[in-house]
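Enquirer: Sharing a structure with you now.
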Amino acid sequence: VGTMRSLRFLSAEALVSHPQVARQSLDSVAHNLYPLLFKASYLLEQAEVTRAVLGRWPLGEFRLGALLGPTADHPQDLRDRACRACLEALVQGLADHARQDPRGRRLRVADLTGLRDVQVQRCPCGSALGGWGRTRLLARTCCELQAQPLAVGRPVEVLADLFVTEGNFQEVVQALGPGGPAPLRVRCPSFRADSLSPGQLLRVLRLAGPGTLRKLEVVHNVRLHAGHVQQLLAQVGFPRLASLTLPTKAFDAPPACVSAPAGQDPLLASIARELGKMTQLTELRVAFSTLTGKIPTLLGPLQTPLRVLDLANCALNHTDMAFLADCPHAAHLEVLDLSGHNLVSLYPSTFFRLLGQAARTLRILVLEECGIIDSHVGMLILGLGPCHRLRQLKLLGNPLSARALRRLFAALSELPELRCIEFPVPKDCYPEGTAYPQDELAMSKFDQQKYDEIAEELRAVLLRAHREDIQVSTPLFGSFDPDIHETSNELGAFLLQAFKTALENFSRALKQV
């Protein structure tokens, strides 16, 4: 049975259910039972037991993801429970452990990575601590320990995914770069930055142990241009980086830069050389950067085939598409986002050649606002036919009729691994003559009753093909993003400040006129 718990785990639950007894008994518990006590205390939200278990952890390593994942003793996966009470207790326990006499400390590595942030918390208390909150909690704890007179000895290495914004920047900088010896040394496999200045980003990344970094996400409100990106990659260096996400306009020339002759972009070439030094890079997301004619320069020097490539709204041209169709990356792509390009009408032969090259590996294909119309559906069906591993197809914002969607769904039902289709609101649901691509206001003004009827018909197409395993939806305003959800207040304030500055500059310019 999937939820069958072992007798050992049931015993651990029974002990944990009596927190006072559990804390008093810890010294007489066999060391190899501590992982069970930890998971049981986390499952039952017995925070004081969680803290005590961590405080006296007798093993050399503590790895949160492995401890909460399915085990022979308890098959349930708890990694999507970012329970606030438990995580606060865990970090307090880690601090208790660090305060001990260094000779009695067994713990060498505490790996706090491996949690998944989800929309609906399944822990009994229902209160989550997201990635930003976890970063602040750990940083504050490190700062408190640095302020205490402790015998340090060998520090405990803490591996943590960090999410840094203006709101927790100072604490993170202090935690990562202590003035002297500190009992906890933070290392960072994954780093997400939002609403920081380029200078702050550079400073915090230098401290974050760039040699450990596997994933770097710089998003939304970090205003980078190509000069900053070049500086970041050349001066900090990320030898083990596997995944890189850059914000909007990250490849725009610096304001004072003299424009290079057509076909030459020394800054971009320098960035590409730095990317070429990253021998483990397999994921590159550079959406909303103008890269017309520049894809050969950017991707040419890469040493490893990319598995994930996001070039949404990059204003690609025929040169770029021809390069993509024939480059070594094509046959390895698992995730490809080419949204915002009229692929089928402008570059049919290169686009379908690219699809053919990627057919054996492609799992997720995103073609939002690509100007795909009814007359393109036949070609699209032919192009997707060989993509037997495709799991997700996203087609929002394309002007397709209900009739064309029914035809497409009938063909998609034959793709054996497909599990998710995001389809556009059918053209039939909008007023006659609606222009595409739509703005948000136009997009939301459609006949809901008509949409519901067509969505039901499309589900029926899948049911007749015995494909009830395929989820279909139209998430008009994007899917849930836990990081944006958690920091929305701060992002809002940041955007308001940017708007206020822009207005002040505008009024100053008017006065000068």
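Enquirer: Would you mention how many residues in the stretch 384-405 are in a helix (DSSP H, G or I), closer than 22 Å to ARG307 by Cα and open to solvent by 10 Å² or more (accessible area, probe 1.4 Å)?
Expert: Counting residues in the stretch 384-405 that are in a helix (DSSP H, G or I), closer than 22 Å to ARG307 by Cα and open to solvent by 10 Å² or more (accessible area, probe 1.4 Å) gives 0.
Enquirer: State all residues of the stretch 263-280 that are under 20 Å from ASP326 (Cβ atoms) and either more than 25 Å from the chain's Cα centre (by Cα) or not small (Gly, Ala, Ser) (or both); if no residue qualifies, say none.
Expert: Result: GLY263, LEU275.
Enquirer: Same structure again: Starting from the stretch 239-255, keep only residues that are at pLDDT below 95 and in a loop (DSSP other than H, G, I, E, B), then list their pairs with residues that are buried (at least 20 other Cβ atoms within 10 Å of the Cβ) and of a type in the set (D, E, K, R) whose Cβ atoms are within a distance under 8 Å, requiring at least 6 positions of separation or different chains.
Expert: Short answer, once both residue conditions are applied: PHE251/LYS294.
Enquirer: Can you name the condition, by its number, that PRO431 falls short on among (1) surrounded by fewer than 14 Cβ atoms within 10 Å (Cβ to Cβ); (2) part of a strand (DSSP E or B)?
Expert: So the condition that PRO431 fails would be (2).
Enquirer: What's the number of the only condition in (1) at pLDDT 95 or above; (2) surrounded by 11 or more Cβ atoms within 10 Å (Cβ to Cβ); (3) within 31 Å of the chain's Cα centre (by Cα) that MET443 fails to meet?
Expert: (1)
Enquirer: Okay, moving on. Can you name every one of the helices (runs of 4 or more DSSP H) wholly within the stretch 12-128 that holds 3 or more residues which are surrounded by fewer than 17 Cβ atoms within 10 Å (Cβ to Cβ), out of contact with any Asp or Glu (no Cβ under 6 Å at 6 or more places or on another chain) and without any contact (Cβ under 8 Å) to a residue 12 or more places away in the chain?
Expert: Because the criterion is at least 3 residues that are surrounded by fewer than 17 Cβ atoms within 10 Å (Cβ to Cβ), out of contact with any Asp or Glu (no Cβ under 6 Å at 6 or more places or on another chain) and without any contact (Cβ under 8 Å) to a residue 12 or more places away in the chain, the helices (runs of 4 or more DSSP H) in the stretch 12-128 that meet it are 19-25.
Enquirer: Also, quick follow-up: Quickly run through the stretch 16-56 and pick out the residues that are within 16 Å of LEU90 (Cα to Cα) and among the polar types (S, T, N, Q).
Expert: If the condition is that a residue be within 16 Å of LEU90 (Cα to Cα) and among the polar types (S, T, N, Q), then SER41, GLN46, THR50 are the ones that fit.
Enquirer: Same structure again: Examine the stretch 467-486 for a residue that is over 23 Å from VAL335 (Cα atoms), modelled with pLDDT under 95 and surrounded by fewer than 16 Cβ atoms within 10 Å (Cβ to Cβ), and state whether such a residue exists.
Expert: Checked the stretch 467-486: at least one residue is over 23 Å from VAL335 (Cα atoms), modelled with pLDDT under 95 and surrounded by fewer than 16 Cβ atoms within 10 Å (Cβ to Cβ).
Enquirer: Got a sec? Which of ILE381, ILE372 is farther than 21 Å from GLY293 by Cα and buried (at least 16 other Cβ atoms within 10 Å of the Cβ)?
Expert: ILE372
Enquirer: Are there any pairs with C-beta distances below 7 angstrom linking a residue in the stretch 131-155 that is among the β-branched types (Val, Ile, Thr) to a residue that is outside any helix (DSSP H, G or I) and open to solvent by less than 70 Å² (accessible area, probe 1.4 Å), with the two at least 6 apart or on different chains, and if so which?
Expert: Taking only residues 6 or more apart or on different chains, the pairs are THR135/LEU162; THR135/PHE163; THR135/VAL164; THR135/ASN168; VAL152/ALA182; VAL152/PRO183.
Enquirer: I've got another one for you. List the strands (runs of 3 or more DSSP E) inside the stretch 158-227, counting only whole elements, that have at least 1 residues being in contact with a strand residue (DSSP E or B) (Cβ under 6 Å, 6 or more places away or on another chain) and open to solvent by 40 Å² or more (accessible area, probe 1.4 Å).
Expert: 184-187, 215-218
The values are calculated or read from the model by the stated rules, or taken from the named source; none is laboratory data. From a predicted model like this one, the values you see are computed outputs, not experimental measurements. Every residue, glycine as well, gets a Cβ built from its backbone with ideal geometry; the counts of neighbours run over all protein chains shown. To get the accessible areas, we keep the full protein, side chains included, count just its heavy atoms, and leave off ligands, DNA and RNA. Shrake-Rupley method; radii C 1.70, N 1.55, O 1.52, S 1.80 Å.
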